[in-house]
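The values are calculated or read from the model by the stated rules, or taken from the named source; none is laboratory data. Since we're looking at a predicted model, the values are computed, not measured. FYI the Cβ positions are ideal-geometry reconstructions off the backbone, even for glycines, and counts take in every protein chain you see. These area figures cover heavy atoms from the full protein model, side chains too; ligands, DNA and RNA do not enter into them. Shrake-Rupley method; radii C 1.70, N 1.55, O 1.52, S 1.80 Å.
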Amino acid sequence: MSGGPGRSRAAPTGWRPSSRADSGTLLAVVILVAAAAAAAVVLGAAGRPVRASAAPLFGHVLPHAGPGTPLAVAIAVAVVRWGPGLAAALSWRRLLLAGWATAAAWTFALALVDGWQRGVAGRLTTRFEYLSEVPGVTDVPAMLRGFTGRIVDGTADPWTTHVAGHPPGALLVFVGLDRLGLGGGAWAAIVCVAAGCAVTVAVAVTLRALGDEAAARAAMPFLVLFPGAVWIGVSADGLFAGVAAGALAMLAAGLSRRSRWALLGGGAGLAACAYLSYGLILLAFPAAAIVVASRGRWRWLGWAVAGAAAVAGAMTAAGFDWWQGYELVRVRYYQGLASDRPYPYWIVANLAALALCAGPAAAVMVRRAAAASRSARRSPVLLCLAAVAAITVADLSGLSKAEVERIWLPFAVWLPAAAVLVPYRDRRFWLGAQAGTALLVNHLVLTAW
């Protein structure tokens with residue numbers, strides 16, 4: 001199932017869904033988000049606050065505009081108007097470059113709605129973030145050996161919130177940037193956005209490696225206007241999403257080309273993700289989908305396993321015990337707001353937050369992927385449903401109560417893999433819905449974490 005440039009196909013012209021089922025899905029998403037917001041207000045009035053003032057999102061309701069507003073609107077209009085046609089017509093390399101560059105411009109434009117300092121340069125410099133701990137890391141080996149001893153609140157010198165809630169790999173990224181002379185919030189933000197926007201390339205490369213270039217081209221405009229760009233710019237979870245997508249793309253490329261080096265890199269990258277965030281162990285779901293979609297090349301997986309083992313062995317030898325860290329993080333998690341956040345509310349409200357992060361089109365893609373589970377378009381269906389499986393496990397775990405609009409970015413970016421299942425004539429409408437979601441959220445809510 002390949003599809004190359006230069007296809008003679010009319011541009012999509014529909015300004016509303018042609019399918020009643022898709023219209024019903026859109027209505028269901030609107031109802032879900034409205035119900036989650038209303039329930040938060042009711043629970044708060046009843047003396048049982050959900051501990052998120054802009055629920056189902058984490059942030060503050062604050063209508064505002066900024067220097068990024070005109071640029072964001074212009075990019076949205078351009079991608080909705082010309083995106084599907086260009087995605088079908090551009091050569092492969094130009095498509096990847098244009099996709100990444102446009103996604104980066106879109107993400108920075110959304111961040112600049114909050115202004116340069118509040119939206120970009122200062123976002124990662126608060127006392128809860130990684131950069132606040134960077135100056136104190138003067139001995140990396142000693143930091144790794146003593147990392148778990150500082151996770152639980154109440155110890156002599158506990159890590160700040162985000163550092164304590166993740167394995168040391170996340171902190172090491174920002175320590176490394178500092179050592180390279182790229183210290184401070186601005187450089188950290190630029191790296192996070194650049195890496196996060198690489199998901200446009202990684203998801204497309206994965207689909208093409210698995211034999212469906214047409215699906216990769218259909219997904220590209222939706223990856224560019226991904227509403228989760230609101231949180232990719234700027235959060236470390238955007239960086240995690242980019243690293244994770246890149247590792248999965250290397251796994252797919254390695255299996256399709258029988259490349260030992262790509263498989264070693266993919267396995268090492270996936271293991272590295274587990275040292276960026278404990279929750280990224282759930283990348284096992286999309287990784288399994290890639291293996292299944294690769295059609296019988298399992299015997300090459302040993303190289304990926306070797307790459308993963310090398311990373312895990314190096315981190316363990318350096319003194320960090322992943323399982324001990326995970327158990328202690330569960331303790332630290334419930335020392336904070338999580339202990340007051342009602343699980344029954346958030347198990348549903350999390351899905352409302354995901355709907356705002358992934359956009360209403362993602363719900364349509366999930367519905368169509370579930371209905372097409374036995375279709376010939378195996379790769380996009382498997383990747384989309386694997387992301388759904390990972391999200392479901394995370395939601396039920398009790399360790400994802402609120403803030404999932406950024407925490408689930410590494411999984412949400414794979415939902416547009418099924419964009420090819422959306423009728424071509426409807427894609428402009430759904431791209432507009434994606435862009436509108438991002439613009440509304442970014443201008444009505446001052447996101448925080």
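Compared with the direct C-alpha span, the chain from VAL61 to ARG145 gains 26.1 nm at full extension, assuming 0.36 nm per residue. Based on the Kirkwood approach, the hydrodynamic radius assigned to the chain is 22.1 Å, with every pair of different Cα atoms included. Peptide packing: for 433-439, 256-262, the average count of neighbouring Cβ atoms within 10 Å per residue gives the ranking 433-439, 256-262, highest mean first. Placing unit charges on each Cβ (+1 for Lys and Arg, -1 for Asp and Glu) gives the chain a dipole about its Cα centre, and among LEU351, TRP92, LEU248 the Cα reaching farthest toward its positive end belongs to TRP92. GNM on the chain, C-alpha springs below 10 Å: top fluctuator among LEU270, LEU171, LEU239? In this elastic network of the chain, the residue with the biggest mean-square fluctuation among LEU270, LEU171, LEU239 is LEU171.
What accessible area per residue comes out for the chain, rounded to a whole number of Å², with a 1.4 Å probe?
Accessible area per residue: 40 Å².
If you take the Cα centroid of the range 361-391 and the Cα centroid of the range 83-107, the two points sit 23 Å apart. For the charge dipole of the range 301-449, defined by +1 on Lys and Arg C-beta atoms and -1 on Asp and Glu C-beta atoms about the Cα centroid, which residue among THR437, ALA394, VAL305 has the Cα displaced farthest towards the positive pole? Among THR437, ALA394, VAL305, the one farthest towards the positive end of the dipole of the range 301-449 is THR437. With contacts taken as Cα pairs under 8 Å at a separation of at least 6 residues, the range 119-162 carries a relative contact order of 40 percent.
Each peptide in 365-374, 345-354, 421-430 was scored by the mean count of other Cβ atoms within 10 Å over its residues; highest first, the order is 345-354, 421-430, 365-374. The fraction of accessible area contributed by carbon and sulfur in the chain is 66 percent, rounded to a whole number (1.4 Å probe; ligands and nucleic acids excluded).
If only the Cβ of Lys and Arg carry +1 and only the Cβ of Asp and Glu carry -1, the dipole of the chain around its Cα centre is close to 1740 debye. Packing order of peptides 188-196, 390-398, highest average first: 188-196, 390-398 (average count of other Cβ atoms within 10 Å over each peptide's residues).
The local environment of ALA372, defined by Cβ-Cβ distances under 15 Å, has a net charge of +3 under the rule Lys, Arg +1 and Asp, Glu -1. Restricting the range 124-193 to trypsin sites (Lys or Arg not before Pro) that sit in a DSSP loop and have at most 12 other Cβ atoms within 10 Å of their own Cβ leaves ARG127.
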